[in-house]
1. Within the stretch A:217-265, how many residues turn out to be touching a residue at least 40 places away in the same chain (Cβ under 8 Å), facing another protein chain (nearest Cβ under 8 Å) and open to solvent by less than 30 Å² (accessible area, probe 1.4 Å)?
2. Among the residues of the stretch B:4-55, count how many are among the aromatic types (F, W, Y) and out of contact with any helix residue (DSSP H, G or I) (no Cβ under 9 Å at 6 or more places or on another chain).
3. Looking at the stretch A:276-292, can you tell me whether even one residue there is at positive phi and without any contact (Cβ under 8 Å) to a residue 40 or more places away in the chain?
4. Quick one: is A:A209 open to solvent by 30 Å² or more (accessible area, probe 1.4 Å) and under 15 Å from B:L171 (Cβ atoms)?
5. Just checking, how many residues over the stretch B:186-216 are within 13 Å of chain A (Cβ to nearest Cβ) and part of a loop (DSSP other than H, G, I, E, B)?
6. Condition first: touching a residue at least 60 places away in the same chain (Cβ under 8 Å), more than 12 Å from B:E121 (Cβ to Cβ) and of a type in the set (A, V, I, L, M, F, W, C). Now tell me which residues in the stretch B:145-170 satisfy that.
7. Just one of the numbered conditions (1) within 11 Å of chain B (Cβ to nearest Cβ); (2) within 22 Å of A:G66 (Cα to Cα); (3) surrounded by fewer than 21 Cβ atoms within 10 Å (Cβ to Cβ) is not true of A:T166; which one?
8. Please go through the stretch B:134-161 and pick out each residue that is small (G, A, S), part of a loop (DSSP other than H, G, I, E, B) and under 23 Å from B:I238 (Cα atoms).
Number of protein chains: 2
Amino acid sequence: MPSAATYIAVDWGTTNRRAALIGDDGVVLDGFSDDRGVLSLSRNDYPGEFAAIRGRLGNRPIVAAGMIGSNRGWRDVPYVDVPADLDTLARGAWRDEAHAVTILPGVAQRHPRADVMRGEEVQVVGAVAVGVARAEADGAALFCQPGTHNKWIDVAGDRITGFATTMTGELFALLRRHGTLAGMLDAPVTDGPAFREGLARARSEAGLATALFGVRAGVLLGTVAPADAASFASGLLIGADVAGRAPGGRVHLLGNGPLVDLYAAAIGENGAEVVPLDGTHAFAAGLRLLWEKTR
Amino acid sequence: MPSAATYIAVDWGTTNRRAALIGDDGVVLDGFSDDRGVLSLSRNDYPGEFAAIRGRLGNRPIVAAGMIGSNRGWRDVPYVDVPADLDTLARGAWRDEAHAVTILPGVAQRHPRADVMRGEEVQVVGAVAVGVARAEADGAALFCQPGTHNKWIDVAGDRITGFATTMTGELFALLRRHGTLAGMLDAPVTDGPAFREGLARARSEAGLATALFGVRAGVLLGTVAPADAASFASGLLIGADVAGRAPGGRVHLLGNGPLVDLYAAAIGENGAEVVPLDGTHAFAAGLRLLWEKTR
């Protein structure tokens with residue numbers, strides 16, 4: 001008997017979104033992704049967006065996570081605090097009966113450093129729930145989700161206990177477009193000797209903001225080839241982010257693509273074992289469990 | 001007998017320049033500063049600029065330091081390498097007889113990290129030569145020159161042995177104008193509890209790019225008042241720059257103004273003694289000695 005459509009899952013981020021029609025056995029029956037993230041929408045656009053999604057995937061309830069629940073999205077759904085697990089997240093969900101839309105909350109950390117996330121938590125609780133995480137002996141597991149704002153997420157058992165957001169990707173983008181390094185970082189970043197040199201330099205340097213000026217000085221003095229500057233700078237930024245994280249332990253790396261490959265290299269250089277995980281798969285697993293707890 | 005004018009000293013930087021007519025006893029007879037730094041000029045503008053400066057201060061030889069000697073200035077005068085002292089700098093000077101202009105070289109460091117400076121070295125060798133530096137027992141002295149690109153300069157005896165440039169000011173400016181923190185950092189930075197909290201956080205955080213996201217998250221969660229965000233972020237950036245520099249020793253702080261005061265606070269919090277020095281005075285002293293060695 002073919003799977004019957006039950007709901008539409010949406011990972012609705014800042015610049016992109018991905019929607020999937022989920023069958024009663026959890027399989028993805030249909031889906032699409034596009035660039036209609038929250039920054040391209042105003043609050044009044046959402047009802048029309050829900051109708052358009054249903055026009056493509058069918059008239060099913062929608063359950064969404066990510067920036068749609070932020071003050072830049074459709075509804076500002078309050079964060080739940082760490083420690084957070086599937087039950088905490090489900091209790092924090094907000095349901096709009098008129099539109100048959102459920103928005104999952106994000107997660108907040110208030111101490112020792114304020115931090116917030118919306119969307120990444122679904123991947124992590126999903127990966128943990130389906131058993132693909134390989135915890136340390138004490139039950140702890142560390143997750144890394146590279147992106148414009150890289151997330152490091154600590155899990156104990158099945159609960160998110162804390163996390164850290166690093167502006168690595170954003171700093172690289174700012175430096176590439178503006179200021180002293182602008183015009184020097186346009187080459188593609190590759191995992192070669194220049195990137196590895198950046199990683200090594202990040203471990204030995206006093207500070208990131210000093211190491212970064214070395215990109216410009218190195219090009220001026222001829223110790224950094226212009227074609228290598230972007231990879232060297234990326235190595236400095238990613239190396240500074242990875243430094244000291246989980247040496248001798250494991251890092252669960254969610255996602256795929258060039259940036260994730262660079263993080264895998266950096267984590268490995270740092271003496272940790274990389275456990276690669278499929279982020280789309282983990283998101284679908286987490287959202288299915290949250291859907292079942294909130295419907 | 002009144003002092004007779006001997007030469008015109010110019011500190012010709014990226015965005016500003018300062019010109020002074022120097023008497024035969026080293027006293028400043030006249031001078032001005034304006035915003036005609038090298039970025040506002042093309043190469044062909046310089047002869048006219050020299051004439052205009054002489055029109056205001058008199059027809060004397062010009063000796064200049066700073067970015068005028070860079071590839072963005074009038075002539076690309078090669079750097080001298082560390083270790084560098086008054087004699088090294090004087091030997092590296094470039095004289096244009098037709099215009100009666102002497103351009104002093106900058107200083108380059110190639111190991112362990114590429115770094116360059118143009119202009120700051122004159123202040124440092126000047127301060128050392130006139131005896132205002134208070135060296136440690138081993139003859140070493142550390143100088144700090146806050147700015148868009150803060151310089152940390154190590155001196156042993158009367159030689160510059162190494163230095164480090166930190167993009168602290170540039171990063172703050174980039175973050176204020178672009179990206180996730182844009183619009184959150186427009187308040188004036190003051191040395192108050194938020195700045196001090198940033199300094200403390202910088203000492204305890206794993207990395208600057210993580211600490212900076214905490215500014216945004218703190219404002220979202222209400223743990224950082226919006227009016228405090230700029231001071232907190234400045235504390236993170238300056239704190240990360242100062243961390244680990246000369247604890248228990250002295251830092252000679254060149255310059256004055258709000259940014260220098262913030263650095264003084266950060267250096268003090270870090271357990272070092274601040275020795276405040278007048279940068280204009282140090283530049284004049286260094287340039288006078290270099291003028292005497294090059295004319």
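1. Looking only at that region, the number is 2.
2. 1
3. Checking the stretch A:276-292: not a single residue is at positive phi and without any contact (Cβ under 8 Å) to a residue 40 or more places away in the chain.
4. In short, no.
5. Residues that pass the stated criteria total 3.
6. Hits for the stretch B:145-170 are B:W152, B:A156.
7. (3)
8. First, pick out the residues of the stretch B:134-161 that are small (G, A, S): B:135, B:137, B:139-141, B:147, B:156-157.
In the following step, the residues that additionally are part of a loop (DSSP other than H, G, I, E, B) were identified as B:135, B:137, B:139, B:147, B:157.
Scanning the stretch B:134-161 gives a single hit, B:G147.
The values are calculated or read from the model by the stated rules, or taken from the named source; none is laboratory data. What you see is a predicted model; the values in this text were computed from it and never measured. With ideal geometry, Cβ positions are generated from the backbone for all residues, glycine too; neighbour counts draw on all protein chains shown. Note: accessible area is taken over every heavy atom of the protein model, side chains too, but ligands, DNA and RNA are not part of it. Shrake-Rupley method; radii C 1.70, N 1.55, O 1.52, S 1.80 Å.
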